[in-house]
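First up is the structure itself, then whatever we jot down about it.
The numbers here are math on the coordinates, done by the rules we state, and not lab data. Here the structure is a predicted model, which is why all the values come from computation and not from measurement. All Cβ positions, even for glycine, are placed from backbone atoms using ideal geometry, and neighbour counts span all protein chains on display.
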Amino acid sequence: MKQMPDSSGYFGKFGGRFVPETLINIISELEEAYKSFCSSDESKAELKTLLEDYAGRATPLYFAKNLSAEAGCGIYLKREDLLHTGAHKINNALGQILLARHMGKTRIIAETGAGQHGVATATVCALMGLECVIYMGELDVRRQAPNVKRMELLGARVVPVTSGSKTLKDAMNEAIRDWVENCRNTYYLIGTVGSAHPFPMIVRDFQKIIGEEALAQFHAKKGKLPDYAVACIGGGSNAAGLFYPMINSSIKLIGVEAGGRSDAEGDHCCSLTLGRPGILHGNLTYLLQNVEGQIIEGHSISAGLDYPGVGPEHSYWKDEKLVDYVSCSDSEALEALKRVTKLEGIIPALESSHAIGYVLNNRELFAGSDIIINLSGRGDKDLGIIFNEVKQ
């Protein structure tokens, strides 16, 4: 398998670097700084220490005995929800804050949907004593209020974005505008495997520890490879982290997108299963768009999956048939969350519940198999949404 991305930032025909001229030199500087960072034994050792002693790695690979008995297969949950800040986002945030410091940047900006990346970014900025500004769609500010309070307590300034759908796409737009205006002293700590090269590669590299650990842990338990690995897909960082070390193995990889309200036509966030290639936020990838190429606003019960695009490496994996991409509806995800909570005493994030929901709703496919599911975050942040849906 060829090294991906190539020197121009492409995964096959996807990816690239579609940015304003103002940012070309800044992105080139970022690429060179990342190469320097990766070749520094001191930087790698500091990141390893922080991941272990501060974030709480390695996370367990938990055999969900009760859930497995109900589903008729062996379900192993990769417990990223047990990390500091409650999700996989801290892996990438720690890596990039060290990279920002390596570059001499003094101000950090980020976008967030469900708020977990915002919390992780605010956390590492507090740790390093750096100014932090988080852009978040006004709709997400309301439905993820606990995470907004956490960010503010950590010292970040949360900027509600009132344009467009008032969700993650629009927060990313505003973050990019800020970066263009303040690129000399500002580092854009992006949360997903998207945007212009080298960001998709950087985020994937900082998240691949999920899959590396999971493979070693599963082999220690069972002496073999799992049959399946399953993860939810929004922008795609948690799935890329799980899948990347497993690509071209015998493991069947399944990415689960947000199917939204199953009774509402077009009300979903299925960029890979229903979208087509286009350019958004600096890269060529699969997008939800109309015949004129205008972005279609999607919907998901989960703020973290509410994005009309996906990371370009996922688009490459789709076209190369290296990963199967499917969907799970709001109601199926909510029901999966309830089953995991009642059977295992674990409240998963609504994002992760889409991956679990797909497995529970396709029991014949998975019967007798061993499956790793990435439990990318915990569901505390979603309690308001969950109880509101139950009332309805």
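Taking the number of Cβ atoms within 10 Å of each Cβ as an exposure proxy, the fewest-first ranking of C183, C38, C125 is C38, C183, C125.
Say the dipole of the range 274-392 comes from +1 at the beta carbon of Lys and Arg and -1 at that of Asp and Glu; which of S300, F366, F387 then lies farthest toward its positive end? Looking along the dipole axis, the top candidate is F387.
Remark: the H102-N185 segment gains 28.6 nm on full extension, using 0.36 nm per residue and subtracting the alpha carbon distance. Note on the chain: Rg/Rh from C-alpha atoms, Kirkwood Rh, equals 0.94.
Taking other residues whose beta carbon is less than 10 angstrom from the beta carbon of T167, and scoring Lys, Arg as +1 and Asp, Glu as -1, yields -2.
Take the Cα of F63, step 7 Å along the line toward its Cβ, and report every residue of the range 219-242 whose backbone nitrogen sits under 17 Å from that point. Once the point is set 7 Å along Cα→Cβ of F63, 219-228 turn out to lie under 17 Å by backbone N, inside the range 219-242. Restricting the range 1-33 to trypsin sites (Lys or Arg not before Pro) that sit in a DSSP loop and have at most 16 other Cβ atoms within 10 Å of their own Cβ leaves K2, K13. The angle separating the long axis of helix 330-344 from the principal Cα axis of greatest extent in the chain is about 70 degrees. With helices as the sole contributors, the chain gives -13000 deg cm²/dmol at 222 nm; each DSSP H run of n ≥ 4 counts as -39500 (n - 2.57), and the sum is divided by every residue.
Each residue in H219, H84, H299, H268 was given a count of other beta-carbon atoms within 10 angstrom of its own, and listing them fewest first yields H219, H84, H299, H268. Can you compute the FRET efficiency between E29 and D267 using 1/(1 + (r/R0)^6), with r the Cβ-Cβ distance and R0 = 51 Å? Round to the nearest 0.05. That gives a FRET efficiency of 0.80.
Shape call for the range 33-187 from the C-alpha gyration tensor, a ≥ b ≥ c root eigenvalues: rounded (a/c under 1.5), prolate (a/b greater than b/c) or oblate? Here the range 33-187 falls in the oblate category. Based on the alpha-carbon gyration tensor of the range 1-80 and its eigenvalue square roots a ≥ b ≥ c, which shape applies: rounded if a/c is under 1.5, prolate if not and a/b is larger than b/c, or oblate? Since a/c reaches 1.5 but b/c is at least a/b, the shape of the range 1-80 is classed as oblate. Taken one residue at a time, the phi angles of the range 184-198 give Karplus couplings (6.51, -1.76, 1.60, θ = phi - 60°) of 5, 10, 10, 10, 8, 8, 6, x, 10, 8, x, 6, 7, 4, x Hz. Gly and Pro are set to x. Based on Cα contacts under 8 Å between residues 6+ apart, the chain shows a relative contact order of 20 percent.
The orientation-averaged projection of the convex hull spanning the C-alpha atoms of the range 186-318 amounts to 9.2 square nanometres.
Sorting the segments 239-250, 334-345 by their mean number of nearby beta carbons within 10 angstrom, highest to lowest, gives 239-250, 334-345. Each eigenvalue of the Cα gyration tensor of the range 152-233, multiplied by 5 and square-rooted, gives one semi-axis; in descending order these are 35, 15, 13 Å. Extending 7 Å from Cα along the Cβ direction at N290 and again at K149 yields two label points whose distance is 4.0 nm. On full extension, the segment bounded by K13 and D380 gains 128.2 nm, given 0.36 nm per residue less the C-alpha separation. Oblate is the label for the range 233-392. Its Cα gyration tensor axes, ordered a ≥ b ≥ c, give a/c of at least 1.5 and b/c at or above a/b. Cα centroids of the range 32-108 and the range 341-362: 21 Å apart.
About its Cα centre, the chain has a charge dipole of approximately 660 debye under the convention of +1 per Lys or Arg Cβ and -1 per Asp or Glu Cβ, with nothing else charged.
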